[in-house]
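Data first, discussion second: the structure below is written as structure tokens.
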Amino acid sequence: VGGRRPDLLFVVPRPRRIVPWTAALRRMQRVTRWVDPTYLRNRLVCISLSQSSFIGEEFQTDPSGLPPVFPRDQCERWDVDALRGAAAQHPHQRGLWIFPGALSPDACADITSAVERLTGGHRVQGEQGVPVRAAAEKPPPAAPPAEEAAWEWLSYGHARWMVPLQPAGGVCDAFARGPLSELHSHGCTDARSWPSLGSLGCGGGEALRALEGLPASAMADGFRGRPPLFLQLQRLQRGASIGAHVDQHQQGGRAIMTAVVSGGGSDVRVGGVSFRVATGDVYALEGAARDSVDHEVYHGDEDRLSVTIRYGGRGDEDPYPYPR
């Protein structure tokens, strides 16, 4: 039509953001979990109830010397994915260790199968006709009872179940007849009757025995020279959590290691540090991280199976009366 033709405007389309499939999956899980009645029930119960009423022996009787619980959103976030394939100690919270991917997928599968066999297909004491195992005599007799080949889960707190094991070399007799006979998370049973890791067969037993010896080599600065005291298999149902606590000195040992066998993908807080654990990851507490700050496990989207191994002292450096 005459006149100067206006300059052409070229609009460059904004590139579409590609969301990694793992992030997309987590978003989908966050949406769908709210229609899972088990997850929703456990979240509501754990929010409304105090965990301390359930796990009293894991709390110090006098918490006045402990710092207040850190709000989750104010914790330092530890990026443990960058550490995958080796054990590392947190640079500021001394005594807090992480070993991402310490257990292979095959080892996790073998342990899961061994736990199912050990518990008779995940039988629970006090449910569906399964009897509750009797507490130890007080005081426990000098003669040890027969070692059991199987052990059922014991409900301990909300949506949480536990099974004890003796270490591969057997439990210390004085420890079993003393502090462990008052351990409510295992029904105050005689620890000398617990199944022994040394007798656990197949690949799951081999994987657990290797796990028992792992911290002495992978986390030597904190664990070398510490004898294993006992093991705890734990199931935590999706949506449930383990509240903030400091493990009791006598029964809890001097150092603690936990391996996530299945159902990872939940956060853990130790003092002012939080981090995410996945299936196959191992984390551990000794020194200040074990004694001076509390720790807790936040809820996850999947049912979690883990194994916790407790260790003794290191002579004069970290004295502890057991094993004798």
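Just to confirm a number: summing +1 for Lys and Arg and -1 for Asp and Glu over residues other than D173 whose beta-carbon lies under 11 angstrom from that of D173, what do you get? Present the calculation step by step, with values, prior to reporting the outcome.
On the way: positive: R177, R192, R324; negative: D190.
The answer is +2.
Give me the Kirkwood hydrodynamic radius of segment 184-229 in Å, from all C-alpha pairs, to one decimal place?
Kirkwood hydrodynamic radius for segment 184-229: 12.4 Å.
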Mean separation of Cα contacts under 8 Å (6+ apart) over length of segment 179-225, as relative contact order %: 17
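Calculate the FRET efficiency for A142 and V45 from the Cβ-Cβ distance with a Förster distance of 56 Å, rounded to the nearest 0.05.
Values: r = 43 Å, r/R0 = 0.76.
Efficiency computed from Cβ-Cβ geometry: 0.85.
Please state the relative contact order of segment 217-316 as a whole percent: Cα pairs under 8 Å, 6+ residues apart?
Values: 226 pairs, mean separation 45.5, N = 100.
Once normalised by length, the contact order is 45 percent.
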Compute the Rg to Rh ratio over segment 208-311 from the alpha carbon atoms, using the Kirkwood formula for Rh, and round to two decimal places. 0.94
What is the distance, in nm, between label points placed 7 Å from the Cα along the Cα-to-Cβ direction at A220 and at A134? 4.8
Of the accessible area of segment 206-324, with the probe set at 1.4 angstrom, what percent is carbon plus sulfur? 46
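Keeping all protein chains in place, calculate the accessible area per residue for segment 226-324 (probe 1.4 angstrom), answer in Å².
On the way: 2610 Å² over 99 residues.
Heavy-atom accessible area per residue stands at 26 Å².
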Over segment 87-234, calculate the relative contact order: mean separation of alpha carbon pairs under 8 Å at least 6 apart, over the residue count, as a percent. 27
When the convex hull of its Cα atoms is projected in every direction, mean area for segment 62-162 (nm²): 11.8
Cα-based Rg / Dmax (Å) for segment 115-188: 12.8, 35
Carbon plus sulfur, as percent of the 1.4 Å-probe accessible area of segment 76-118, comes to 50
Using every pair of alpha-carbon atoms in segment 81-218, split the distances into 10 Å bins beginning at 0 and state the percent of pairs per bin, rounded to integers. 11, 33, 34, 18, 4, 0
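Provide the gained length on full extension for the span S199 to E127, in nm with one decimal, where the gain is 0.36 nm per separating residue minus the Cα-Cα distance. If you can, show how the numbers build up before the last one.
Numbers: separation 72, 0.36 × 72 = 25.92 nm, distance 2.67 nm.
23.2 nm is the gain from fully extending S199 to E127.
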In whole Å, what is the distance between the alpha-carbon centres of segment 221-245 and segment 91-119? 11
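The values are calculated or read from the model by the stated rules, or taken from the named source; none is laboratory data. As the structure is a prediction and not an experimental result, all values here were calculated from the model. Cβ sites come from the backbone with ideal geometry, for glycine too, and all protein chains shown count toward neighbours. Keep in mind that these areas ignore ligands, DNA and RNA; they rest on the heavy atoms of the full protein, side chains included. Shrake-Rupley method; radii C 1.70, N 1.55, O 1.52, S 1.80 Å.
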